[in-house]
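Read the structure below first, then the notes.
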Amino acid sequence: MITLQRVRVRWSAAGRGSPQASVRRALDRPVVLPAALPAGDVVIHEVLVDEAVGYMRHDEVRVGSSELARDCGLWLTLSDAAMLVERLPGRAAFPRQRGPARLFTLAPGQVGRYRANFRFTGCACNPSWFYEDWVVHVSNGQVEPEQFIHGEPDRDVDDRVHLYGGTTRPGG
């Protein structure tokens, strides 16, 4: 069983200021998995915390094959007992990614964490920006409901960048 949790915090260009950043500062954290996850090859716990709805959390659980991870921008490849996790190119305006990027390989029982942030735009007819901050945990095997909160990941990739220009965040 592969368990994947993606927590996304989304905000508008108008919500970029310091007061708004303080409001969402602790929202990009993993949350407790639902107590009774359904059985399946891949279980995804998708969490969205959106400025548009007052940062109320919306949870969704989906079950399927490794193809389901594509909805979260990831590609999972199983080889023997190991699992390769790659980031797929997405529709982000920044940072732009040209092709798949290898994040990590997980042995059975291991957990990986991927952190990233993005600036998106709608279509050419709507030049408004919106932003997302992600924290994604992937386990190659069964996990306890609080594993992503309290456990340290075996693999950790932090791809966060400064989305407003300038240099990368200090320490991150």
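The values are calculated or read from the model by the stated rules, or taken from the named source; none is laboratory data. Nothing here was measured: the structure is a model prediction, and the numbers come from that model. Quick reminder, even Gly has a Cβ in these numbers, built from the backbone with ideal geometry, and neighbours come from all protein chains shown.
Being of a type outside the set (A, V, I, L, M, F, W, C), part of a strand (DSSP E or B) and out of contact with any helix residue (DSSP H, G or I) (no Cβ under 7 Å at 6 or more places or on another chain) is the filter; apply it to the range 59-76 and report the residue that is surrounded by the fewest Cβ atoms within 10 Å (Cβ to Cβ). Write out each step before concluding.
Going through the range 59-76, the residues of a type outside the set (A, V, I, L, M, F, W, C) turn out to be 59-60, 62, 64-67, 70-71, 73.
Add one more test, that the residue is part of a strand (DSSP E or B), and what stays is 59-60, 62, 64.
Next, only the ones that are out of contact with any helix residue (DSSP H, G or I) (no Cβ under 7 Å at 6 or more places or on another chain) stay: 59-60, 64.
Numbers: Asp59: 13, Glu60: 9, Gly64: 13.
Checked the range 59-76; the qualifying residue surrounded by the fewest Cβ atoms within 10 Å (Cβ to Cβ) is Glu60.
In this structure, is Val9 modelled with pLDDT of 95 or more, part of a strand (DSSP E or B) and either aliphatic (A, V, I, L, M) or closer than 23 Å to His150 by Cβ (or both)? Taking the combined requirement at face value, the residue does not satisfy it. Any residue that is surrounded by 13 or more Cβ atoms within 10 Å (Cβ to Cβ), modelled with pLDDT of 85 or more and in a strand (DSSP E or B) - is there at least one of those in the range 24-43? Yes, some residue in the range 24-43 is surrounded by 13 or more Cβ atoms within 10 Å (Cβ to Cβ), modelled with pLDDT of 85 or more and in a strand (DSSP E or B).
Selection within the range 77-95: residues that are in a loop (DSSP other than H, G, I, E, B) and within 13 Å of the chain's Cα centre (by Cα). The member of this set that is modelled with the lowest pLDDT is Gly90.
Is it fair to say Gly54 is modelled with pLDDT of 90 or more, out of contact with any Cys (no Cβ under 7 Å at 6 or more places or on another chain) and not hydrophobic (A, V, I, L, M, F, W, C)?
Numbers: modelled with pLDDT of 90 or more: yes; out of contact with any Cys (no Cβ under 7 Å at 6 or more places or on another chain): yes; not hydrophobic (A, V, I, L, M, F, W, C): yes.
For Gly54, the condition - modelled with pLDDT of 90 or more, out of contact with any Cys (no Cβ under 7 Å at 6 or more places or on another chain) and not hydrophobic (A, V, I, L, M, F, W, C) - is met.
Take the residues in the range 115-172 that are under 29 Å from Met83 (Cβ atoms) and among the hydroxyl-bearing types (Ser, Thr, Tyr); name whichever of them is modelled with the lowest pLDDT. That would be Thr168.
Is one or more of the residues making up the range 55-69 hydrophobic (A, V, I, L, M, F, W, C) and in contact (Cβ under 8 Å) with a residue 60 or more places away in the chain?
yes
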